[in-house]
Every structure is written in C-alpha cells, then in structure tokens.
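Beneath this line is the structure, given in structure tokens, with notes to follow.
Read-outs throughout are calculated quantities, based only on the coordinates presented, and are distinct from any laboratory measurement. Bear in mind the structure is a predicted one, so any value in this text is a computation, not a measurement. Here the Cβ positions follow ideal geometry from the backbone for every residue, glycine too, while neighbour counts run over all protein chains shown.
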Amino acid sequence: MDGAAERARDLRRLIEDANYRYYVLDDPAIPDAEYDRLLRELQDLETAHPELLTPDSPTQRVGAGPLKDFPQVAHEVPMLSLNNAFSEGEVAAFDRRVREGLEREGEAEYAVEPKYDGLAITLRYEQGVFVRGATRGDGYTGEDVSANLRTIRAIPMRLETPTPPALLEVRGEVLMLRRDFDKLNQDARDKGEKPFVNPRNAAAGSLRQLDPRITAKRRLHFFAYGVGAVRDAELPATQGAVIDWLAALRLPVAAQRRVVSGVAGLLAYYNELGEQRGSLSFDIDGAVYKVNRLADQERLGFVSRAPRFAIAHKYPAQEELTVVEAIDVQVGRTGALTPVARLKPVFVGGVTVTNATLHNEDEARRKDVRVGDTVIVRRAGDVIPEVVKVVLKSRPWPSLVKPWQSRFELPKVCPVCESPVVRLQGETASRCINTMECPAQRKQAILHFVSRRAMDIEGLGDKLVEQLVDRGLVQTPADLYSLDMERIAGLDRMAEKSAENLLAAIAASRNRPLARFIFALGIRQVGEQTAKDLARHFGQLDALRAADAETLMRVPDVGPVVAAAIAAFFQESHNQVVIEALRDARAWVDGEAQAPSSGRYAGKTFVLTGTLPNLGRDAAKAMIEAAGGKAAGSVSKKTDYVVAGDEAGSKLTKAQELGVPILDEAAFLNMF
C-alpha cells in the first residue's frame, strides 16, 4: 500500500508538470503516448485503491486551469473530454456497455469522425452572430480568445441561415494544417528562432497569443464536431444530422464523417481512416465514435470527466520516447552528408523505428542531440522518422559535466571515400566533393540515371545496382552500356531471361531526347522542367556545356544559384569524362534550339498549385504549352499567373505576397 501511494504521488507530479508545460508554457516535455500511459497507470492505481483518489487528482480533470492573461469564461454546458480506447477489445467493451445501457437488442448505430489533434474550443453565436469564443480550459471554465478566433478565416462571423437560433454554441477544434506548420517552422529557422514541436503545439501557442496580429499570421484552421447550449432551435434527431446541419450553416466539418453500425462498422472505419491518415492535410490521432441518436446519448449520460455515449479510438503513437545509441553520417546522391541517430528500437507510427534523421549539421547542433540522450522521436504516416527534441532532464551525467566531449560534430572528410567535405555559402548541407567516384554517390547517381522519368531503364532497381557497383562492373552511368551477358550472368537472381530483358532495356534507352538526358545527369537544382527549358534554349548539349553562368541565366526561371550549379557540374573533370563516354554510347540525341513561341500566351509563365476540381494538372499544363506559355514549378517575380485549386499551399501564399494574379479553374478556362 505504501508503494502504491508513493507511485500515485509521483504520477500526479509527473502529469501536473506535463499539463503545465503543455497548457501554460506551450512547450511539451513528453509525447502524448507517454502522457496517456502515465494517466492510465494512475487511473488503474486509483481504481485498485479507491482510498488514494483525491479531488485534485489529474484523473478528475479535463485539462488545465485557464490562464490568468485572458478573461475567464464559464461554459454553459461543460466541455468534457473523451475516454480512450487503444485496442479492438476496448472498442468491443465500449459497444457492449452502450447496448447494455440502452437495454436494446441488435447493433447500435454510431456517428464516426476523425479525432483532430488540435485545441478544443467553443464558439458562441447569438441571433446568428459570433459574439465570443473560448478554450476548453478545465472543462467548466475556459479562456476568452474571441479576438484571436476572429482572425481564423474558416470561422464564420455570421451563420448562413434566415432563421438563426437565439443561441448556438458550436464545439470544435482549432488546428494548423501541415503545410502551414511547415512554413511557420521554416520561417522560424530562417530567423534563428525556436521551431514548434508539432502542429498541435503550434496551434495552441498561436491561439493564445496576447496580440491577435500574431495569431492572424499563423494561418489557423477550424473544424466543428458538435454543439453545446442551444436556444430557440430544434436540433435534428441524430449526431450525424447535427453535423450536416452545421455544414449547412457554412461551418467547416469533417469530410471523413460517417454513420456505421456495430463493432464491425467501427473497426472498418478506424482502419480505413488510418490508411488515409498520412495523406490528410491535418493531423489526427484517432477516430471518435458517438452514439448516433441524441435521445440515446441523453439516456446514457456521463461518468466523471467523460460521456458514456462516446469514445476516442487512438492510433499507434506518432511520437515516443527512446534513447540515442549512436550517431552515424549517411552520404546521399548529391554528396550531402546527413547525420542519422541510431535509436533503441521503439514502436511509433505503426512500425518499429531504429533510425531517425537529424537533417543536417545546423539542425543537429540546434537540437544538440548526443549519444545517450533520451529523445522524442516522431513518425507521421510515411514520413521518415525524425528526432523532435531532447529530454534534457534525462541527459546522462557525463554529457552534462563535459559537454564538449559528447557534442556531435560533422566529419571533415567523407565517411565513405575519405574525400574532403565542403559547405558552400548559402547551403544547409555539407557535401563530399568526389561526385563521380564516391561509392555512396555512385549508386544513387546511377539509380537516378536509370529512373523512369530519366533514361527509363526497366529492371535496374536498388539491389541490382548495388551488386553492379559493389562488384566493380559499373562505376559510372556510361558503364551500363558496356554490360554484356557474360558480365551479368553471375549476379544474384539474374537468370538468363532476366539478363536478356535487362540488356534489351539498356539498348532501348539509347538516343533519348536531350531534355531527359540532361535530367538523368542528376545536376543539382535541375529538375524535369528546368531540363526541358535548357534543352529548348540550347538545342545541343555542347552548347549547354560551354555556357557560363551569365548565359545560363538567360534561360527562363534559371537564377544565379541554379546557373552556378549547372556551370560547376560541366566544369568538373570527372563529369566531362563520363559525358564523353555517354556520347560514345549514343545515350542522347541533340535537337535544335527552339525559336520563341508565337502562341496567344507566348512568354507568359503559369504556376499550377493545388487540385483543380475538374481539370487534371497534365491537361492544364498541355493547354498552357499549346498556347505558347510555360508551366513553371515555382513562383517568382517573373510569374505571370498562379492557377490555384483545392489545398493550394505555399505557392499560393507566395503569389499573394508578390502580388501575382491568381486564377481559379473557371477563370483559367475562360482565358483559353
């Protein structure tokens, strides 16, 4: 009993500290999954030993008390949180309790929707006009953040209805879309400021700014998921219909909502939503299940801090705690050195993670990750795992006593070929200068050369290229064209038919158009569109090779950085030797420099961003080029028009900043 009481005290202290850091300081110290585990352990202790339960226990609270910096608002209807389910068994138990509580045979019907990873708020409308908004706070009292909520464009200031309720409290979530979070953090890094840990932390910190002008710059979003107090309005009979009603009032709601029946319906929705999770424009951490009929919700009622009629089914954590066992350095296709943390294996984001990127030297230094550190590691969807931050209070004592001995330093020579490492002015990455002969770069350069959008040599995948390089059969892309049956017959999994197919694919890749060959060379800063522009402008590879930076900048959208990268590539002696060998292999065909187009939009540059409702991007691009225009990949002062569809991101923002004309699909089609 003494041990249980001591552990309960420790858990309360840890949870309250986590609450303070998250809700007050906007600087979370532990991942959500760790917080959930601590809270669950305390709940289990208090259930087993009821005498340990205290009125001020974190298990009896919804969140944290409101900040004194904002006026306090008492919620007319409490904003309680949801109990969590982490397994199919717990979902089945929830469904069983619902059916038993309703004393009903057959399957229960549920309204289901994503569980947003943001900040819960309530919006108060009187006679259809927005008058106040508040955070959830402790569930009974929140913070009046009305001025900041007015800056969120997704929140209507007036409801779209001729007969508005006398009072309507809309419950929902304020969050930050991933694209806006990435831009916010990039801007912070550019200014030397501390970036936010995750979109939810960014949304919480942004909404609780004392200066609404700062909030307005953060581009917050909002989704409605329910109602609180309502007067002089008859609500629909079901939760699903309530959400449809909110949508009709022009409030943003989840497109992924649905009504399902029984446990099978709940789990099918959970799995389907989980597959979409990585591609959503916002973060979610689970699915929410609510009994659909409002009368049934009222009958089931509440228990403690949560309703009996609803539950949140959580996904595997996207953030976890683990320990850094080593820090290695990887060398990429362009020679960039990337520090990688080797981790004590941890299950995060649905998979076991053992490695996490530290991005570059600046990021590794900023985060100050060291061997032996306890760190928060994050994996969202298919994104490469990354170290979010170090838990400094858990840092090993030797690192604290002698920090200069344990601090990570990027090597001065390439860890693969021992060639010098340099960092050019204005770049974030340090690079190995041995472009053509470094084995690490060699494999990646060849894989890029044979890729579908480059030389398109089918059958040359990672494993085969690795064998060819490791056995010394291929050192440069030109060596591919001298392979024969005798040389490749001994490779693993290379039967006679496979060898014949590979040789045929290599032969078929000869005489590719100049634009594809330029792209295949893997010149830094040169993508498909720039390769096309270069081929169109110069017509012949030798003319491109002879061009200096000033000449290169006459090509549309080629600025000083791109021009310098192209000129440096063709001046490098190893690259010159390889290009001559590729010429002997007849890898490409020169064309002729094209005269300026005389179409209706000749000389005009368009940038496509987002998803057009009816017109595919390829079709729009073809229309632009047929009229003599150019479809560019980035927005600059030279851009004439930006065509913006749904989910348009940073390109739209930049166009607005530069004053570039913006077209929707209808305006674009009208032009043509």
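Applying 1/(1 + (r/R0)^6) with R0 = 35 Å to the Cβ-Cβ distance of residue 576 and residue 471 gives a FRET efficiency near 0.85.
Taking every alpha carbon pair in segment 271-397, what does the distance histogram look like in 10 angstrom bins from 0, in percent? Spelled out per bin, shortest first, that is 12, 31, 25, 17, 10, 5, 0. Only sites in a loop by DSSP and with at most 16 other Cβ atoms within 10 Å count here; which GluC sites (Glu not before Pro) in segment 592-672 make the cut? Passing both the DSSP loop test and the Cβ count: 592, 647. Screening the chain for whole DSSP H helices with an alpha carbon extent of at least 20 angstrom along the helix axis and a mean Kyte-Doolittle hydropathy of at least 0.0 yields 262-276.
Pair-distance distribution P(r) for segment 334-383, from all Cα-Cα distances in 5 Å bins starting at 0: 5, 17, 30, 23, 17, 8, 1 percent.
Each of 396, 661, 159 was scored by the projection of its Cα onto the charge dipole of the chain, and the greatest displacement toward the positive side belongs to 661; charges sit on the C-beta of Lys, Arg, Asp and Glu. Across the options 601, 449, 340, the greatest Cα extent toward the positive end of the charge dipole of the chain (unit charges at beta carbon of Lys, Arg, Asp, Glu) belongs to 601. When only the Cβ of Lys, Arg, Asp and Glu is charged (+1, +1, -1, -1), the dipole of the chain relative to its Cα centre reaches about 1320 debye. How much of the pair distance distribution for segment 2-60 lies past 15 Å, counting alpha-carbon pairs only, in percent? Roughly 46 percent, once rounded to a whole number. In the chain the Cα-Cα distances spread across 20 Å bins starting at 0 as 15, 41, 33, 12, 0 percent of all pairs.
Sorted largest first, the principal axis extents computed over the alpha-carbon atoms of segment 143-193 equal 50, 23, 15 Å.
Charge tally around residue 563: other residues with Cβ under 13 Å, Lys/Arg +1 each, Asp/Glu -1 each, net -2.
Charging the Cβ of each Asp and Glu at -1 and of each Lys and Arg at +1, and nothing else, the dipole of segment 319-406 about its Cα centre rounds to 260 debye. Centre-to-centre, using Cα atoms only, segment 230-246 and segment 337-390 are separated by 45 Å.
Positive contributions from Lys and Arg (+1) and negative ones from Asp and Glu (-1), summed over other residues with Cβ under 9 Å from the Cβ of residue 180, come out at +4.
With K and R counted +1 and D and E -1, the other residues having a Cβ less than 9 Å from that of residue 361 yield a net charge of -1. Taking all Cα-Cα distances within segment 72-314, those exceeding 33 Å account for 19%.
Projecting the Cα atoms of 249, 270, 205 onto the charge dipole of segment 201-272, computed from C-beta unit charges around the Cα centre, puts 205 farthest toward the positive end. Separation of the alpha carbons by more than 27 angstrom is noted, of 532/637; 183/290; 217/389; 367/651; 191/532; 389/651, for 183/290; 367/651; 191/532; 389/651. Fully extending the segment from residue 584 to residue 602, taken as 0.36 nm per residue of separation minus the present Cα-Cα distance, adds 2.8 nm.
Modelled spin-label separation between residue 13 and residue 250, with each label point placed 7 Å from Cα along the Cα-to-Cβ direction: 5.4 nm.
Among the GluC sites (Glu not before Pro) within segment 128-169, those in coil by DSSP and having at most 15 neighbouring Cβ atoms inside 10 Å are 160.
The charge dipole of segment 439-509, taken about its Cα centre with unit charges on the Cβ atoms of Lys, Arg (+1), Asp and Glu (-1) only, comes to about 240 debye. Across every pair of non-identical alpha carbons in segment 402-529, the mean reciprocal distance, once inverted, gives a Kirkwood radius of 16.6 Å.
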